[in-house]
Structures are given as structure tokens and as C-alpha cells.
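**Student:** Input: one structure, supplied below.
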Amino acid sequence: MLRAGVFIALTACGFHPGAATGDSATGSDGAPPIASCSDGVRDGDETNIDCGGSCTACTTCTNHALPPTINVDPKPFAAKFLSAPQWSCTATGLTTIDSNAGTVVSTTCDLGSISVANDVPQLDSTGVPVFVVRLQGLRITNGHVLRLIGNKPVVILVAGDVVVDTNGMVDASAVGGTPGPGGSPVSCADRESGLGTMGTNTGWGGGGGGFGTAGGQGCYMTINGGAVTGSQTLVPLRGGCPGGTSRGAGQGGAGGGAIEIVASGTIKIGETGIANIVASGGGGRNSDGGGNGGGAGGGILLVAPANPMLGPMGALRAHGGSGTGGASSAGTSANDGGDGHATDNTAATDTSGNAGGGNNNDNGRTGGLASRNGTGGIITAAGNTTGQQNGGRGGGGGGGGRIVVTTSPAATSCD
């Protein structure tokens with residue numbers, strides 16, 4: 001009786017004499033073992049992991065890669081990547097992404113069925129909403145320009161590879177007083193948070209905006225260039241700060257925009273030819289008194305599972321705009337500041353072509369620098385400032401922006 005009692009007790013606990021204890025073994029009668037429907041393993045009579053057989057029915061799905069998660073989580077959009085287009089913009093022309101209107105248009109590129117989302121929150125809640133473009137591949141070559149405009153940073157999520165080459169360009173720069181996408185954010189509230197501030201009287205120049213490097217000082221005994229500000233990792237994503245004005249008429253240069261390109265595959269910039277990704281600041285606009293400061297360069301963030309590759313002729317640039325020249329006398333118009341350069345590492349000047357600085361020099365101060373190229377060169381410089389001066393009314397140069405190139409693992413989804 002004792003032996004029978006033990007047998008009954010063990011059988012009640014799920015023990016089958018002659019069978020192994022693992023789920024993958026069969027019982028002595030040849031029946032499949034009992035499946036566990038939540039252990040992440042295909043076992044028992046399951047036809048796939050934790051589904052089918054005695055578990056709930058399996059659903060058919062397609063496994064596919066997702067780009068890494070940085071400022072935006074791609075998983076809520078996972079299924080949409082399966083129908084997202086692949087942009088192969090390989091003829092001279094212009095494709096424009098407008099983060100304000102939420103539109104994408106092109107003169108020569110077949111955009112397919114556009115897959116975008118506007119006002120997407122960043123994972124860091126201190127960041128502003130962004131405009132998201134979903135793609136299965138991106139190629140910009142042969143003189144094509146992908147131009148980014150609007151009032152929000154642009155995040156391009158690519159479930160595939162990215163190539164910018166042979167005179168291709170991605171441009172999120174400011175133009176004069178018009179910010180790039182996500183440039184001149186409201187967080188640029190005072191000098192400590194990057195805003196170039198006002199000259200202290202009508203004849204004195206405004207300071208340059210700051211971001212990755214400090215903005216330059218406007219003329220004459222005034223520290224008014226915007227300070228270094230924002231996250232060094234570009235998390236959250238944002239653009240550069242604007243330049244300040246003199247107390248005369250005019251407008252400071254706007255901050256460069258913010259662009260994030262995240263790929264599940266590879267990113268290659270300038271592998272065989274010249275290629276640029278740009279987010280430069282705008283030059284100050286002219287005035288009839290002291291000059292206005294230049295805008296700071298913006299933010300460029302590239303992320304892929306392996307290090308994004310910058311070829312020998314590939315470059316990332318987020319230079320600052322120059323300050324405006326000061327007017328030589330009341331009622332005269334000074335020279336506009338120049339926008340940060342897109343294709344070289346020369347500091348921007350006002351339209352006279354002459355760098356400001358020094359006593360009684362009314363030219364706008366040169367913009368700062370921020371660049372990274374494929375030969376390993378990294379250049380940074382603050383907006384030009386000459387310290388205390390006796391006379392001279394040019395606006396300060398905008399600081400350089402911020403450039404981040406990093407790695408993060410891709411994700412997968414089944415949809």
C-alpha cells in the first residue's frame with residue numbers, strides 16, 4: 001500500500017514513470033509532454049515559441065530589424081517600417097523635409113509612400129517634440145540635397161543602410177535670421193543658456209549665440225556672447241541658440257537646426273566622393289547702429305550598430321554664423337553677417353569678407369567652428385571675440401554647434 005500511495009502522489013504532481021523530466025521528452029505512452037506557454041522556448045506540442053498546439057494559436061509575422069533607440073523609440077512604429085519607402089536620391093535635385101508643415105517634397109527623387117510622424121515626444125521629456133521620417137534605406141548622391149526646414153528637430157529612422165556620397169548633402173542649417181529645424185529653441189532664454197544678448201546701447205554690438213562652443217562678445221566692454229549649453233550627447237536633440245541684437249534695428253543670426261540619423265544597418269558618408277551633413281548657424285542681419293550677433297551652429301547626431309563611417313571626403317559641419325558689421329554712422333546700413341560655411345572649415349565673415357575685431361573696427365566678428373571629417377580631424381572654436389575694445393561696433397560671432405557620432409545596437413520586431 002505504501003508503494004501505491006507514493007505512485008499516486010507523484011503522478012498527481014506530474015511525474016510520469018519512465019519519462020525524462022524535461023519538456024522536450026515524450027511520455028511512456030508516446031504522448032507529447034505538457035507545454036509551458038510562457039517560458040520563451042518552443043516546447044511540448046507548440047508549433048512556435050509559446051504558441052500553437054495546446055497554447056494559443058500562433059499569429060503569422062515577419063521578423064525585421066529596427067533602428068536603435070536614442071531620442072525616439074522606434075518600437076511603437078515597428079510595423080510601419082515594413083511598408084516604409086527606400087529613398088534613392090541619385091540625381092541632381094532638391095528634397096525638402098518641412099517639420100512645421102509635416103511634408104516631404106522632391107524635385108527629382110521618387111519618395112514612394114511617405115511614412116512620417118509629426119510632434120513625436122522625445123524620450124527625454126525636457127526635449128521638444130520632433131518630426132520623424134521612417135525609411136528602409138537612404139541614399140543621397142550625385143549632387144542631390146536633402147534640405148531640412150521647419151520649427152522642430154528632424155529624426156530620420158532607417159531600417160537599413162544610409163549612404164551620402166559624390167556631392168550629396170544633408171542640410172539643416174539656418175539662413176540668416178531663419179532657424180534650421182529645431183534651431184533657436186525657447187530654452188535659449190539668457191546668456192547662461194546660450195542666448196547672445198543685447199548690446200548695452202545703440203552703438204554696441206550684440207553677442208553671438210552659443211551651443212557647442214561659446215558665442216563671441218559684441219563690442220566694447222560687454223560680455224554678451226551666449227555660453228556653452230545643452231547636452232554633450234545631443235540627448236535630447238536640439239539646435240543652436242540665436243545671436244543678440246544691438247539696441248538699434250536688425251536681427252541676430254538664427255541657430256542652426258538639429259538632425260538625427262539612426263540606422264539599423266551601416267552609415268557611410270563620403271566613402272568615394274565629397275559629401276557633407278551640415279547644421280550651421282545664420283549670420284546676423286544688418287542694422288543702423290551696433291552689429292547683431294551671429295547664430296550658433298546646430299546639432300548633428302549619427303547612430304548605427306557599427307561606427308558610422310566618414311570617408312576621406314566626408315564631413316559633418318555645424319559652424320556658427322558671423323556677426324553683422326556695425327554702421328559707420330547713424331542711418332547707414334551695415335554689412336550682413338555671413339551664414340556658417342557648409343563646404344569648408346573657414347570661419348564666416350560679414351559680407352565685406354573682412355574679419356572684425358580690434359579697436360575702431362566695425363566689421364562683424366567671425367563665427368565659431370565645429371566640424372568632423374573622415375581623416376580624423378575634429379575642429380572646434382568659439383565665436384570670435386576681442387575682449388574690451390575702445391570703439392568698434394561689430395556683432396559677436398556665433399559659436400560652433402555640436403556633432404556626435406556613436407554606436408547603439410539595433411532592435412528586432414515581428415510584425
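The values are calculated or read from the model by the stated rules, or taken from the named source; none is laboratory data. All of these numbers come straight from a predicted model, not from anything done at the bench. We place every Cβ from the backbone using ideal geometry, glycine too, and count neighbours over all the protein chains shown.
**Student:** Would you call SER125 on the phi < 0 side of the Ramachandran plot, out of contact with any Leu (no Cβ under 8 Å at 6 or more places or on another chain) and modelled with pLDDT of 95 or more? Spell out the reasoning first.
**Tutor:** Details: on the phi < 0 side of the Ramachandran plot: yes; out of contact with any Leu (no Cβ under 8 Å at 6 or more places or on another chain): yes; modelled with pLDDT of 95 or more: yes.
So SER125 fits the description; yes.
**Student:** Got a sec? Which of GLY239, GLY282 is out of contact with any Pro (no Cβ under 7 Å at 6 or more places or on another chain), under 25 Å from GLY323 (Cβ atoms) and either polar (S, T, N, Q) or modelled with pLDDT of 95 or more (or both)? Outline the logic, then answer.
**Tutor:** Details: GLY239 fails: out of contact with any Pro (no Cβ under 7 Å at 6 or more places or on another chain).
Criteria check complete, one pass: GLY282.
**Student:** OK, next. Regarding ASP165, is this residue charged (D, E, K, R), in the same structural domain as CYS241 (by TED's automatic domain parsing) and touching a Lys or Arg at 6+ places or on another chain (Cβ under 6 Å)?
**Tutor:** Numbers: charged (D, E, K, R): yes; in the same structural domain as CYS241 (by TED's automatic domain parsing): yes; touching a Lys or Arg at 6+ places or on another chain (Cβ under 6 Å): no.
It is false that ASP165 is charged (D, E, K, R), in the same structural domain as CYS241 (by TED's automatic domain parsing) and touching a Lys or Arg at 6+ places or on another chain (Cβ under 6 Å).
**Student:** Does SER408 meet the test of being surrounded by 24 or more Cβ atoms within 10 Å (Cβ to Cβ), of a type in the set (Ser, Thr, Tyr) and at pLDDT 90 or above? Walk me through it before giving the result.
**Tutor:** Working: surrounded by 24 or more Cβ atoms within 10 Å (Cβ to Cβ): no; of a type in the set (Ser, Thr, Tyr): yes; at pLDDT 90 or above: yes.
So SER408 fails the test.
**Student:** Might you let me know whether the stretch 250-268 holds any residue that is touching a helix residue (DSSP H, G or I) at 6+ places or on another chain (Cβ under 6 Å), assigned to a loop (DSSP other than H, G, I, E, B) and among the polar types (S, T, N, Q)? Let's see the steps before the verdict.
**Tutor:** Going residue by residue through the stretch 250-268, those that are touching a helix residue (DSSP H, G or I) at 6+ places or on another chain (Cβ under 6 Å) are none.
No, every residue in the stretch 250-268 fails to be touching a helix residue (DSSP H, G or I) at 6+ places or on another chain (Cβ under 6 Å), assigned to a loop (DSSP other than H, G, I, E, B) and among the polar types (S, T, N, Q).
**Student:** If you don't mind, there's one more thing I want to ask. Quick one: which of GLY177, GLY168, GLY137, GLY160 is out of contact with any strand residue (DSSP E or B) (no Cβ under 8 Å at 6 or more places or on another chain) and small (Gly, Ala, Ser)? Can you show your working first?
**Tutor:** Numbers: GLY168 fails: out of contact with any strand residue (DSSP E or B) (no Cβ under 8 Å at 6 or more places or on another chain); GLY137 fails: out of contact with any strand residue (DSSP E or B) (no Cβ under 8 Å at 6 or more places or on another chain); GLY160 fails: out of contact with any strand residue (DSSP E or B) (no Cβ under 8 Å at 6 or more places or on another chain).
On inspection, the qualifying residue turns out to be GLY177.
**Student:** Among the numbered criteria (1) more than 17 Å from the chain's Cα centre (by Cα); (2) crowded, with 24+ Cβ neighbours inside 10 Å, which one does MET313 miss?
**Tutor:** (2)
**Student:** Say whether the condition of being among the polar types (S, T, N, Q) and more than 28 Å from GLN122 (Cβ to Cβ) is met by at least one residue in the stretch 204-217.
**Tutor:** Here is the first cut: in the stretch 204-217, the residues among the polar types (S, T, N, Q) are 213, 217.
Keeping just the survivors that are more than 28 Å from GLN122 (Cβ to Cβ) gives 217.
Looking through the stretch 204-217, at least one residue is among the polar types (S, T, N, Q) and more than 28 Å from GLN122 (Cβ to Cβ).
**Student:** Another question, then. State whether one or more residues within the stretch 129-147 are buried (at least 24 other Cβ atoms within 10 Å of the Cβ) and under 30 Å from SER287 (Cα atoms).
**Tutor:** No; the residues of the stretch 129-147 include none that is buried (at least 24 other Cβ atoms within 10 Å of the Cβ) and under 30 Å from SER287 (Cα atoms).
**Student:** Here is a follow-up. Take the residues in the stretch 186-197 that are buried (at least 24 other Cβ atoms within 10 Å of the Cβ) and within 21 Å of the chain's Cα centre (by Cα); name whichever of them is farthest from SER231 (Cα to Cα).
**Tutor:** LEU195
**Student:** Answer yes or no: is there a residue in the stretch 281-292 that is closer than 30 Å to ASP161 by Cβ, in the same structural domain as GLY212 (by TED's automatic domain parsing) and of a type in the set (D, E, K, R).
**Tutor:** no
**Student:** Which of the residues that make up the stretch 198-218 are within 15 Å of GLN251 (Cα to Cα) and either modelled with pLDDT of 95 or more or surrounded by 24 or more Cβ atoms within 10 Å (Cβ to Cβ) (or both)?
**Tutor:** Matches in the stretch 198-218: GLY199, TRP204, GLY205, GLY206, GLY207, GLY208, GLY209, GLY218.
**Student:** Hey, ALA172 hits all of (1) touching a Lys or Arg at 6+ places or on another chain (Cβ under 6 Å); (2) within 19 Å of ALA254 (Cβ to Cβ); (3) among the aliphatic types (A, V, I, L, M) but one; which does it fall short on?
**Tutor:** The failed condition is (1).
**Student:** Looking at the stretch 111-127, I want the residues that are in contact (Cβ under 8 Å) with a residue 40 or more places away in the chain and have a partner that is surrounded by 15 or more Cβ atoms within 10 Å (Cβ to Cβ) and of a type in the set (D, E, K, R) with Cβ atoms under 8 Å, at least 6 apart or on another chain. Which pairs are those?
**Tutor:** Listed by first residue and then by second, the contacts come to ALA117/ARG134; LEU123/ASP73; GLY127/ARG238.
**Student:** Which condition from (1) in contact with a strand residue (DSSP E or B) (Cβ under 6 Å, 6 or more places away or on another chain); (2) buried (at least 24 other Cβ atoms within 10 Å of the Cβ) is the one that LYS268 breaks?
**Tutor:** (2)
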